Amino acid sequence: MSAPLFELGAFGESTSLIIALIIGVAFGWFLEQGGMGNARKLAGQFYLTDLTVFKIMFSAVITAMLGLFWLHRAGVLELSLVYVPPTWILPQVLGGFVFGVGFVMGGLCPGTSCVAISTGRKDGLALLAGMFAGILAFGELFALLRRVYEATPAGTLTLPQLTGISYPVVVALVAVVGVAAFRLAEWIEQRGT
């Protein structure tokens, strides 16, 4: 096995930050090329008239999943060294709700608001300012929110663990669901026009 490179000591923290910056800029560029810096385009997601957000993000998830799977199968990547964040059910459900409300109200998410700012859009700046205000408020209120924040720890969960289905079968099922979801999204878009 020769990856993940950072965990195996191929480079240090400084290099990892430079690599993260390069990947982040590239990701932002691709988001902008896909129109993800435009709040109107993103709002189309909620009106079921433009499901580009769904298609781009689901493409990224499926590409990453298939890449990890096949790199592991080829002996290039040790999956046990890939970080999977722990699951905290209640705080993550609440966080998802707050994220969703902010997304619907602002038309942008944190990443796409940065893309919008980079192209000079003021709505992205307003959303990012609101996000930082929320982070500051959360930090100031953390002592009061700590019990909720630490509620319902479930450890590190993956689909194979949750379902009891083997990893290769889960990968195949998600890929099939992805293809079906893309076809459904295109059908929904065509009906909306």
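Quick note: the coordinates plus some simple rules give every number you see, no bench work behind them. Quick caveat: nothing in here was measured; it's all calculated off a predicted structure. Every residue, glycine as well, gets a Cβ built from its backbone with ideal geometry; the counts of neighbours run over all protein chains shown.
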Before anything else, pin down the relative contact order of region 84-157: Cα pairs under 8 Å, at least 6 apart, normalised by residue count, whole percent. 55
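Stretched out fully, how many nm does the piece from VAL169 to PHE132 gain, at 0.36 nm a residue minus the Cα gap? Don't skip to the end; give the middle numbers.
On the way: separation 37, 0.36 × 37 = 13.32 nm, distance 4.07 nm.
Between VAL169 and PHE132, full extension yields an extra 9.2 nm.
Multiply the residue gap between PHE182 and SER16 by 0.36 nm, knock off their C-alpha separation, and tell me the result in nm, one decimal place. Before the final figure, lay out each step's value.
Details: separation 166, 0.36 × 166 = 59.76 nm, distance 3.39 nm.
Length difference between fully extended and current span is 56.4 nm.
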Let's see if you can work this out: charge +1 on each Lys and Arg Cβ, -1 on each Asp and Glu Cβ, no other charges. What is the dipole magnitude of the chain about its Cα centre, in debye to the nearest 20? 400
Computed log₁₀ I(q)/I(0) - Debye formula, equal Cα scatterers, no solvent, region 84-157, q 0.12 Å⁻¹: -0.42
Leading residue at positive end of dipole, the chain (Cβ point charges), from GLY44, MET131, LEU145: GLY44
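For PHE99 and LEU162, compute 0.36 nm times the residue count separating them, minus their Cα-Cα distance, and round to one decimal in nm.
Here the answer is 20.2 nm.
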Give the relative contact order (percent, whole number) for the chain; include only Cα pairs under 8 Å separated by 6+ residues. 29
Selected from PRO168, PRO85, PRO110 as most flexible by GNM, with the chain as the system and alpha-carbon contacts under 10 Å: PRO85
Fewest-first ordering of VAL170, VAL61 by Cβ atoms within 10 Å yields VAL61, VAL170
Considering the Cα trace of the chain, what is its radius of gyration and what is Dmax, both in angstroms? 19.1, 52
Longest site-free stretch - the chain; sites: GluC sites (Glu not before Pro), DSSP loop, at most 15 other Cβ within 10 Å: 79-149
